[in-house]
Structure formats: structure tokens, C-alpha cells
1. Students often get this wrong, so try it: which of (1) 20.2; (2) 18.7; (3) 15.7 is mean projected area of the Cα convex hull in nm² as calculated from the structure shown?
2. Between 0 and 90 degrees, rounded to the nearest ten: what's the tilt of helix 3-17 against the longest Cα principal axis of the chain?
3. Order these peptides, 113-125, 315-327, by their mean beta-carbon neighbour count within 10 angstrom, highest first.
4. Within 10 Å, count the other beta carbons around each residue, average over each peptide in 140-148, 44-52, 162-170, and list them highest first.
5. As a test of the formula, what do you get for the chain when each DSSP H run with n ≥ 4 contributes -39,500 (n - 2.57) and the sum is divided by the residue count, at 222 nm and rounded to the nearest 500 deg cm²/dmol?
6. If we count other beta carbons within 10 Å of each Cβ, what is the order of Leu31, Leu313, Leu9, Leu98, fewest first?
7. Can you classify segment 3-63 as rounded, prolate or oblate using the Cα gyration tensor, where a ≥ b ≥ c are the square roots of its eigenvalues, rounded means a/c under 1.5, and otherwise it's prolate if a/b beats b/c and oblate if not?
8. At most 10 other Cβ atoms within 10 Å and a DSSP loop assignment: could you name the GluC sites (Glu not before Pro) in segment 194-267 that fit?
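Bear in mind that the values in this text are calculations on the coordinates, not laboratory data. These numbers were taken from a predicted model, which means no experiment stands behind them. Ideal geometry is used to build each Cβ from the backbone, glycine not excepted, and the neighbour counts take in all protein chains shown.
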Amino acid sequence: MPEKESAELSIIRLLKDAGGESVSGGDLSRLLGISRTAVWKHVKALRKAGYVVTACPSKGYSLSFEAKSSPMPFNAIEINSGLETAFVGKKIFFYPELDSTNAKAARLARDGADEGTVVIADFQSAGKGRIGRKWESPAGVNLYTSIILRPGIAPFDAQKLTIVMAVAVAEAIEKYCKKRPVVKWPNDILIASKKVAGILMEMDAEADHVNFIVAGIGVNINMNLSEMPPDIRRIATSLSEAFGQEISRIEFTRTLYSCVEKWYKKFSENGFPFVLTAWRSFFASEGKRVIVKGFNRTVEGICAGVDATGALLLRVDSGKVERIISGDVDHAGGV
């Protein structure tokens, strides 16, 4: 995070610790090791970021906690201030508007950004889904984020991280839902047969090693059905629709980053079979008739589960079991 943002994060933490009481400018100056003029500049930046910080002569600064009139804003400072991870989300690049968080994260990764660096956009003008689809990305309601990973794996093992991310996202969603989410192979997350989250993995690699992987994650958090395009409304939902009340985007984002770090570590320390077992617990297509649409063909059959690498196993009508490594899966006759 930029140095300016670190000072603002420290101010917010100190004001939160004060519980609504005033903290003098002199105390902030002393604790942060900056001038009182610099403190004032950071306070103005915090107000611009959406915080309600009151300046009272002879007393100092206080932060409003009145949730209805001044809820904590959705921004990098607020997310980071309560984040309990070792590396995922420790550096946050937050944008009110961006073309694509994946595209920005890839540029940062090429410039040497650390593993765990994340990009968040409140609005995406060119959000991407799998197989070239557009991801609807309205402002103020959802989470659009990309995470830079630098795993020490060969390129042919990179697809395993799709499974890792699916488990992490499903686990995060489960903490906020009354119904257990389902993973639609390989990495769409469904609630009551409707899509609530998607994952787009993009890799930069040489022949023998991975330079970096960008894990793009989009989660419909507080999006109302009325806000969705008609063609999306019948197949998508949001956490608030499923849970019956609004969800804090700040808290969900922190939860998601914790789950991503947890399962990424388990993948590194315990191996892929451990993660795949967890993924199977969210998978509900085995034994069902499905249609798999790829770039070049569409094939139908009975899902026979997944193999040890996470590839889909499809028993076609001839009895042959095909191994599918990419494609879009739907249950025959509807999800």
C-alpha cells in the first residue's frame, strides 16, 4: 500500500480505538511521527474516502460510528484495518472504477507486485467471465477482486488452483448463507441452483515455470434481482437475496481473503488431494446427466465425477468415459 494510505490506516485504527471519543491532533502527530499539518491532510483524504471524521477545536478528531447515517465506507483502508491474514490483501489497490481487476492485477504482477497483492474495483466497465463472457459489474453492491499468486508449480499443475479458489470462495459464501453453496465444475458457485459467484484464472508462464497467476473473483453480494439484466435474472442470485438481508461487503471481503489464504496454504502444505476432497463436498453433479459446452463442441453424458487432477469425467452414451479439462457445464434440462 502507498505510504500515504498507511498513515490514513493508522489514523482510522486510532480513531476506532477511541470509540467515538476525540483524539487530539497532537497525539496523532506524536503517535504517527508526522506533523499536525500532515495529520490534517490525511483527515481530509479520509473524509474524501467516505469516513465521517469530525474536528472539534481544543479536543481533536473523532470518528462517527452511527451505522445508519454514516456506515463505514467500502475501501482499501477499511478492509485492511480488520484483515487477519499473513499476505493475502496486505497490499490493496482499490479503484472506484476500473476496466477489469484481472487486467490491472496482471499489469501489477508484471511490474513485480508481491504475492497476495489484491485489486478491488467498486465498478468494472469491462468485467470478464469464463469463455469470453461479460461479467455484470454495477457499483455499490458486489465484490470484484483479483489476487496475485506466485505458486512454485509447473504450468501443467496451474489448473489445480482453480479448484483451490473454488473451495475458498464456496467456504466464504457458506459463512453468510442459510443454504450450503454448490460448486458447478470447475469453479462457479451456486445457491439454490443460481449463480452467485464466478472465478476467472489467468496465467503468465514460461515453458517450465509459472511467473504468476491472477485469480479473479466476482461475488454478487447485495445486488437485487431487479438490478440484473433480464437474461441474467433467471440464472443468477446474490448473497442478500439468498440470506434475506444486506451483507457487509467489508466483512465478506475480509472473510474471502482469509479463506483464500487458508486453502492456498493447505494446497502448498498438504497437497492437492486434500483440497480436492473439500471441493467434492461442494460438488453436486456426480451421477447426473450434464451438457458440456466447449469452444469447439458440445457433448452430453452422465457426470462420473472428477479425476485426481480435477478434470471432469463424462460417461457418454457409448459408454466411454471422456476426460474434460475445460468447458461450461449445465445439467441436462436445466441447472
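1. Structure-derived value, by its label: (2).
2. 80
3. Descending mean neighbour count gives 113-125, 315-327.
4. Working: 140-148: 22.9, 44-52: 15.8, 162-170: 26.3.
Order by mean packing, descending: 162-170, 140-148, 44-52.
5. Values: 10 runs with 107 residues, N = 335.
Using -39500 (n - 2.57) per qualifying helix, the result is -9500 deg cm²/dmol.
6. Values: Leu31 13, Leu313 16, Leu9 19, Leu98 23.
Lowest count first: Leu31, Leu313, Leu9, Leu98.
7. Working: a/c = 1.35, a/b = 1.09, b/c = 1.23.
The shape class here is rounded.
8. Details: sites: Glu202, Glu206, Glu227, Glu241, Glu246, Glu251, Glu261; in loops: Glu206, Glu246.
When the GluC sites (Glu not before Pro) of segment 194-267 are filtered for loop state and at most 10 Cβ neighbours within 10 Å, Glu206 remain.
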